[in-house]
Structures are given as C-alpha cells and as structure tokens.
Amino acid sequence: MSDGTRWPALLFDLDGTLIDSVYTHVLAWREALEESGIDLPVWRIHRRIGMSGGLFVRALTRETGRHLTDEEVAKLQQLHTAAYQRQASHVRPLPGARELLERLRRQGVPFAVATSGDAASARAGLATLGFSSDIPSVNRDQVAYAKPNPDLFLAAAALLGVAVEQSIVVGDSIWDMLAAQRARALGVGLLSGGYGREELQLAGAYRVYEEPADLLNHLDELGIRV
C-alpha cells in the first residue's frame with residue numbers, strides 16, 4: 001500500500017461479524033459433543049467460538065478432563081460440520097452487513113473476509129450475504145493455523161496486496177482481537193457475537209461497535225472518508 005493511500009484495508013471475520021451464525025455454531029458443537037458422549041454447558045462452548053476447530057475441541061475437552069485421540073478430534077469436527085450444515089439455511093446476515101460491504105465497494109476501500117471455517121462453510125456464509133467468489137476471502141483450509149494465530153489475517157492482507165500493518169481487523173471475538181495484535185494490525189470489535197465490550201477492549205480492540213450497521217455509521221472513526 002502506498003504512502004498516499006486514503007484509507008486502510010478492512011479484514012473481516014465472518015461468523016458473528018457479518019453473519020448471525022455464532023449461536024448456530026454453538027448448538028452444532030453441543031450436538032457433536034453430546035453425540036460423542038461429552039457433556040458441556042452451552043456457555044462454555046460459546047466462550048471458545050472463533051478459535052480454530054482443533055484448538056476449540058482440545059480446550060473444551062481439557063475442561064472435562066477427558067483425553068481425545070487425534071481421530072476422535074477429527075470425528076468431532078466432522079460431526080460439528082454436519083450439524084451446522086443442517087441448520088445453515090436459517091442463518092441470516094447481521095443488520096447492516098450487506099450495506100457495509102456495498103458501501104466499501106462503492107468507495108473503493110479494499111476489504112477481504114478471513115474465517116476460521118473451512119471452505120464449504122465460507123462459501124455458504126458468503127452466499128448468505130448475497131456474494132460469492134467476488135469477495136476476496138481466506139478460510140481455514142488455506143493456512144497452517146487458524147485464530148488466535150495471525151495466519152488468516154496475514155493471508156487476507158497478502159491477497160489484497162496491502163501491508164497488514166495498514167489494515168484493520170474487524171471481528172466479534174477475543175480470538176479475532178488476539179490474532180489482529182499478533183499480525184500487527186489494529187482491531188475493531190463487534191458485540192454481535194456475544195462478547196462484551198470490555199472483553200474485546202482488553203483483548204486489543206481500539207473501537208467497539210454493536211453490529212455492522214453501527215460500524216457503517218462510524219466509518220469515519222476508522223479513517224475512512226465517505
């Protein structure tokens with residue numbers, strides 16, 4: 001990105017940031033865990049949404065004290081994917097998400113989506129927004145490590161041809177904010193995934209908005225002149 005660039009690039013998380021899917025994922029994980037004989041309350045599952053599936057499973061099972069083999073971890077992830085896909089048709093864009101992306105496109109602001117989901121869930125999420133391959137995106141299948149590692153956001157910035165240090169990560173979880181810090185990008189939090197304002201700020205968010213519609217109304221606070 002040249003020194004004369006008028007605005008930063010925006011690197012968006014997908015679930016809970018652009019589409020209202022966090023609690024669908026929570027219930028899908030609960031179904032997968034119960035099918036595997038693991039009983040965990042929903043609130044504990046929710047606290048881990050947004051990190052990579054492998055880390056997610058290991059963190060939750062650590063809380064139960066039950067050891068899982070690599071094969072069992074892989075099976076759990078498969079069960080979650082199947083359970084989520086059965087409910088995916090009920091997922092909707094978050095308020096203002098489509099309008100936000102359309103505004104950025106009209107203004108010529110570079111943006112991309114970076115999601116911890118696999119390729120199939122990423123395609124489904126973008127389709128929910130009314131977009132498809134015309135949005136630059138990076139998914140879990142394309143990087144070595146997902147959030148809270150910075151790989152997804154680093155890859156998204158590279159895809160846009162911009163410096164990650166001149167980018168802003170927009171996400172709904174503390175894992176997004178941690179990954180943003182590790183990538184040396186600014187982090188902006190949204191409350192639409194269920195994390196609180198203070199939690200997001202403590203994780204590194206320098207601004208927190210309610211949902212995409214709220215962010216759309218405050219783009220000037222990100223240095224984007226509209």
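A few remarks follow.
- Alpha-carbon centroids, the range 160-218 and the range 1-70: separation in whole Å: 16
- Volume per residue of the C-alpha convex hull in the range 17-154, rounded to whole Å³: 107
- For the range 83-211, the spread of Cα positions along the three principal axes, ordered from largest to smallest, is 34, 33, 32 Å.
- Intensity falloff of the range 143-226 expressed as log10 I(q)/I(0), Debye formula with alpha-carbon point scatterers, at q = 0.11, 0.14, 0.26 Å⁻¹: -0.27, -0.44, -1.25
- Stokes-Einstein diffusion for the range 13-60 at 4 °C, viscosity 1.567 mPa s, with a Kirkwood radius from C-alpha pairs, works out to 118 µm²/s.
- Within the accessible area of the chain (1.4 Å probe), percent carbon and sulfur: 48
- Cα-centred dipole magnitude for the chain, charges only on beta-carbon of K, R (+1) and D, E (-1), debye, nearest 20: 180
- Once the mean of 1/r is taken over each pair of separate Cα atoms and inverted, the range 87-140 shows a Kirkwood hydrodynamic radius of 11.7 Å.
- Percent of Cα-Cα distances greater than 17 Å, calculated over the range 60-102: 58
The values are calculated or read from the model by the stated rules, or taken from the named source; none is laboratory data. This structure is a prediction, so every number in the text was calculated from the model and none was measured. Virtual Cβ from ideal backbone geometry, glycine too; neighbours counted across all protein chains shown. Areas reflect the complete protein model, heavy atoms only, side chains present, ligands, DNA and RNA absent. Shrake-Rupley method; radii C 1.70, N 1.55, O 1.52, S 1.80 Å.
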